[in-house]
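A.B. asks: For reference, the structure I am asking about is given below.
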Amino acid sequence: MNKQILLINGLIKKGGNTDFLLRHLLDCASAAVNEVVLRSAKIQHCTDCEFCLSNGGKCCFNDDMSLIFDYSKTADYVIIASPIVFENVSGYISNAISRFQSAYGKADFSNLPQVGKPKKAIIILTGGGGGGKPVMAEKTTRLFAKMLNSKTIEFITSYNTDTIKAKDDMVAIDKLEKIIQEINAN
């Protein structure tokens with residue numbers, strides 16, 4: 001049986017460092033992929049109306065966020081991919097996370113099950129600058145994965161892309177290859 005991947009693509013542009021790592025993983029992994037490209041998705045930001053708190057976690061907006069919720073139900077893996085922007089995730093990822101207030105509300109406020117079955121999360125983050133570790137981006141994506149009922153099993157990161165492009169970052173490539181082997185294993 002093919003494994004299912006929900007890919008939450010928070011890329012700002014095609015052909016960059018995050019895109020390279022993401023495409024390499026998808027080209028080599030034997031899995032069915034449901035990709036939600038946030039930059040072209042029609043997702044309204046959370047307005048904190050609290051509709052979700054009194055409606056079983058359901059959001060008042062009916063838009064492309066439903067794709068993430070629906071694909072999450074059958075996924076074995078969740079991949080969250082984002083470049084680092086001001087030491088955090090892209091605005092596209094931030095917007096989607098805001099809409100998970102309804103999932104967060106389901107899990108923590110009304111004791112209903114989280115989104116879908118338990119799954120594994122792989123987080124891909126890249127960024128330039130000083131090459132430091134963007135703690136907020138890691139915390140944010142780990143929380144996003146948790147709200148998708150996912151346990152983060154790997155951070156694939158390339159944090160010094162001003163001097164070493166992700167395609168030349170052997171630490172990131174090695175982590176990627178290990179994840180590909182896991183996905184492709186029976």
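A.B. asks: From the residues Phe155, Gly116, Phe144, which one has its Cα farthest along the dipole of segment 3-184 in the positive direction, the dipole being from +1 and -1 charges on Cβ of Lys/Arg and Asp/Glu about the Cα centre?
C.D. replies: Farthest towards the positive pole: Gly116.
A.B. asks: Treat the count of other C-beta atoms within 10 Å as a stand-in for reagent exposure and order Asp70, Asp19 from fewest to most.
C.D. replies: By the 10 Å Cβ count, ascending, the order reads Asp70, Asp19.
A.B. asks: What residues qualify as long-range amide H neighbours of Ser158, i.e. H under 5 Å apart, gap of 5 or more or another chain, H built at 1.01 Å from N?
C.D. replies: Leu125, Thr126, Gly127
A.B. asks: By count of other Cβ within 10 Å, fewest leading, how are Val115, Val36, Val171 ordered?
C.D. replies: Ranked by crowding around the Cβ, least crowded first: Val171, Val36, Val115.
A.B. asks: Something else: Report the relative contact order of segment 45-102, percent, no decimals, based on alpha-carbon pairs under 8 angstrom and at least 6 residues apart.
C.D. replies: 50
A.B. asks: What list of ³J(HN,Hα) couplings, whole Hz, do you get for segment 26-33 from phi and the Karplus terms 6.51, -1.76, 1.60, once you set θ to phi - 60° and write x for glycine and proline?
C.D. replies: The phi angles translate into 5, 5, 9, 7, 8, 7, 7, 10 Hz.
A.B. asks: Along the charge dipole of the chain, Cβ charges K/R +1 and D/E -1, which of Val37, Phe61, Leu26 sits furthest on the positive end?
C.D. replies: Of the options given, the answer is Phe61.
A.B. asks: Over the Cα atoms of the chain, compute the convex hull volume and normalise it per residue, giving Å³.
C.D. replies: Looking at the chain, the number lands at 106 Å³ per residue.
A.B. asks: Let me ask something else. Could you list Arg99, Arg142, Arg23 in order of exposure, starting from the residue whose Cβ has the fewest other Cβ atoms within 10 Å?
C.D. replies: Ranking Arg99, Arg142, Arg23 by Cβ neighbours within 10 Å, fewest first, gives Arg23, Arg142, Arg99.
A.B. asks: Pairs to check: Lys13/Lys117; Lys13/Lys42; Lys42/Lys73. Give those whose C-alpha atoms are more than 22 Å from each other in this structure.
C.D. replies: The pairs that break the limit, which is 22 Å between Cα atoms, are Lys13/Lys117.
A.B. asks: Return the percentage of antiparallel bridges among DSSP beta bridges fully within the chain, rounded to the nearest 5 %.
C.D. replies: 5
A.B. asks: Counting only C-alpha contacts under 8 Å and six or more residues apart, can you give the relative contact order of the chain as a whole percent?
C.D. replies: Result for the chain is 26 percent.
A.B. asks: Here is a follow-up. Could you pull out the longest piece of the chain with no exposed loop GluC sites (Glu not before Pro) in it, calling a site exposed if DSSP puts it outside H, G, I, E, B and it has at most 16 other Cβ atoms within 10 Å?
C.D. replies: Between the exposed loop sites, the longest stretch runs 88-186.
A.B. asks: Compute, for segment 3-184, the length of the dipole vector about the Cα centre, with Cβ point charges of +1 (Lys, Arg) and -1 (Asp, Glu) only. Units Debye, rounded to 20.
C.D. replies: For this selection, approximately 260 debye.
Read the figures in this text as sums done on the coordinates, not as results from a lab. What you see is a predicted model; the values in this text were computed from it and never measured. FYI the Cβ positions are ideal-geometry reconstructions off the backbone, even for glycines, and counts take in every protein chain you see.
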